[in-house]
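The structure appears right after this line, and notes come after that.
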Amino acid sequence: MEQLTVDELAVRVGLPGSTIRMYQTKGVLHPPRRQGRVAYYDASHLERLTLVQRLQARGFSLPAIAELVKAREKGASVAAVLGVGEAEGPDDWVRIRVRDISRLVPLGDVRPRVLRRAVQLGLVRWRRGWPHARRWALEAGNRLAALTVPSDDVLDKFANLRTATDGIAADFVEVFERRLWPQLADNAGQDDQLDRMRALLVELTYTAETVVIGTLRESIRDAAEEFARRHGLLPSDDFQPAWVEEPVPIAERLIDTEEDDEVPDEPTIQRFLDRGDDHDEPVR
């Protein structure tokens, strides 16, 4: 491994030696290896200084960089550093005991294969001889077990769900990278960017969760309607309840909700937009 003195390192990164020593004092650069009175730096110091320069160019202060670096060295995830999804609550990891597994796996189907697959899917983590799971996963597992849903079905559906949510997350991160991340560079001379980045990511995460939950509810409503039709649980399309002809406002509103939604063409939408909100008649 290449060994560099502080002066040689300074030439490599284009910084004064005093700045490198200051970075060590501030906690953003780890100490060098010493041989007698000479300090030697290596490739890890070059990489760290490159990171520091890149973050400073984005407007991150030295205390913020030190916070990021120290948290990462302790094994904290990026989400934990940025305050996204790692707070105590339904997302924190809890240790699973044998009695928990017995409740999670219905019909006495407690097999190593099932638990191992849960670990492979990331639903369970094995740390220091103990399995751990997110609190929300334990609660959901208990509900599904009470409904006697087989464990293989649960894991199959979780695998499909994780694939879908990975795609959703990638879409929102792409929006962050394309639309919000440049804002941090444009405002690099203003407030500390770590707090700004945290605020943006928390807001984006909350919005993503709201959109996903709302969209999932709509999908479940549509799927339930289709299930009911498939199994003959609904009246035929020409069925008319006895109260349809009665002039009851609530009946009229109920009938309206059963009409098929329209998909207007663009000229109709433009007429709606041009007309404004001062009209009560529908746009045709």
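The values are calculated or read from the model by the stated rules, or taken from the named source; none is laboratory data. Bear in mind that the values here come from a model prediction, so they are computed numbers and not experimental data. Every residue, glycine as well, gets a Cβ built from its backbone with ideal geometry; the counts of neighbours run over all protein chains shown. With ligands, DNA and RNA removed, areas are computed over all heavy atoms of the protein, side chains included. Shrake-Rupley method; radii C 1.70, N 1.55, O 1.52, S 1.80 Å.
With labels modelled as points extended 7 Å from the Cα through the Cβ direction, what inter-label distance (nm, one decimal) is found for residue 8 paired with residue 183? Simple spin-label model gives 4.6 nm for this pair.
Taking the Cα centre of segment 140-227 as origin and charging only Cβ (+1 Lys, Arg; -1 Asp, Glu), how large is the dipole, in debye to the nearest 20? Mind showing how you got there, number by number?
Details: 9 positive and 17 negative charges, 34 e Å.
I would put it at about 160 debye.
Going by accessible surface with a 1.4 Å probe and the largest first, 126, 136, 93 read 126, 136, 93.
Multiply the residue separation of residue 169 and residue 209 by 0.36 nm, subtract the distance between their alpha-carbon atoms, and state the gained length in nm to one decimal. Spell out each step's value before the answer.
On the way: separation 40, 0.36 × 40 = 14.40 nm, distance 0.99 nm.
Between residue 169 and residue 209, full extension yields an extra 13.4 nm.
Cross-link partners of residue 26 among lysines, defined as those whose alpha carbon lies under 20 angstrom from its own and excluding same-chain residues fewer than eight positions apart: 70, 74.
How much length would be gained if the chain were fully extended between residue 140 and residue 111, taking 0.36 nm per residue of separation minus their Cα-Cα distance, in nm to one decimal? Could you put the intermediate results ahead of the total?
Details: separation 29, 0.36 × 29 = 10.44 nm, distance 1.94 nm.
Result for the pair: 8.5 nm of gain on full extension.
Hey, if we sort 30, 231 by accessible area with the 1.4 Å probe, largest down, what's the order? If you can, show how the numbers build up before the last one.
Values: 30 45, 231 110 Å².
If we order 30, 231 from most to least accessible, we get 231, 30.
Projected label points at residue 262 and residue 224, each 7 Å from Cα along the beta carbon direction, are separated by 2.8 nanometres.
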